[in-house]
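Beneath this line is the structure, given in structure tokens, with notes to follow.
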Amino acid sequence: MGVSYEILGDLVVFTAKDRVTDGDFRQAFEAVIADSRFQPGSKMLTYDLDSALDPSTVDPQKSAEVINSFMSHFARRLAVVVSSEENLGLGTMIAEYCKEYDIEFKAFRDPNAAKQWLFPERCER
């Protein structure tokens with residue numbers, strides 16, 4: 001499987017490596033939900049920095065459908081950190097389709113900005 005995960009309290013961090021598909025993410029979502037450490041309502045952060053994802057092969061509408069199929073278990077806000085401007089554009093397209101499901105999805109290049117967006121209450125001083 002090209003997607004691994006780590007549960008950090010109320011945050012689930014997915015990491016995509018090699019060639020990943022919507023099916024890989026579906027398997028990872030299922031594994032997290034079955035994990036006894038998982039807290040329903042957790043926020044989701046995905047690192048897609050090392051994968052061989054070719055944005056031209058991704059159907060953003062289908063990706064949003066896969067995400068939505070598991071959102072009853074997660075918070076309705078999720079972030080993805082990508083390695084290229086091309087993947088950032090793909091993330092923007094997925095975000096548009098996610099709006100149809102009332103999901104806040106945002107792509108970032110900076111991991112710290114992604115975490116701040118996911119947890120603004122932790123960044124206020």
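Sort the stretch 66-121 into rounded, prolate or oblate with this rule: let a ≥ b ≥ c be the square roots of the eigenvalues of the Cα gyration tensor; rounded if a/c is under 1.5, and if a/c is not under 1.5, prolate when a/b is larger than b/c, oblate otherwise.
Values: a/c = 2.22, a/b = 1.21, b/c = 1.84.
Since a/c reaches 1.5 but b/c is at least a/b, the shape of the stretch 66-121 is classed as oblate.
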(message) Quick check on the chain: of the DSSP beta bridges with both residues there, what percent are antiparallel, nearest 5%?
(response) 25
(message) Using a 7 Å offset from Cα along Cα-Cβ at GLU30, what residues in the stretch 58-96 end up with backbone N under 20 Å from the label point?
(response) 62-74
(request) Determine ³J(HN,Hα), in whole Hz, for all residues of the stretch 94-101 in sequence, where each value follows from phi through the Karplus function 6.51 cos²θ - 1.76 cosθ + 1.60 and θ = phi - 60°; x replaces Gly and Pro. (result) 4, 4, 4, 5, 5, 4, 4, 9
(message) How many angstrom lie between the Cα centre of the stretch 2-51 and the Cα centre of the stretch 88-125?
(response) 16
(message) As I understand it, the dipole of the chain uses +1 on the Cβ of Lys and Arg and -1 on the Cβ of Asp and Glu, about the Cα centre. Which of ALA28, PHE70, PRO120 lies farthest toward its positive end?
(response) PRO120
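Quick note: the coordinates plus some simple rules give every number you see, no bench work behind them. Just so it is clear, the structure is predicted and the values come from calculations on it, not from any experiment. Please note: Cβ atoms are built from the backbone with ideal geometry, for glycine as well, and neighbour counts cover all protein chains shown.
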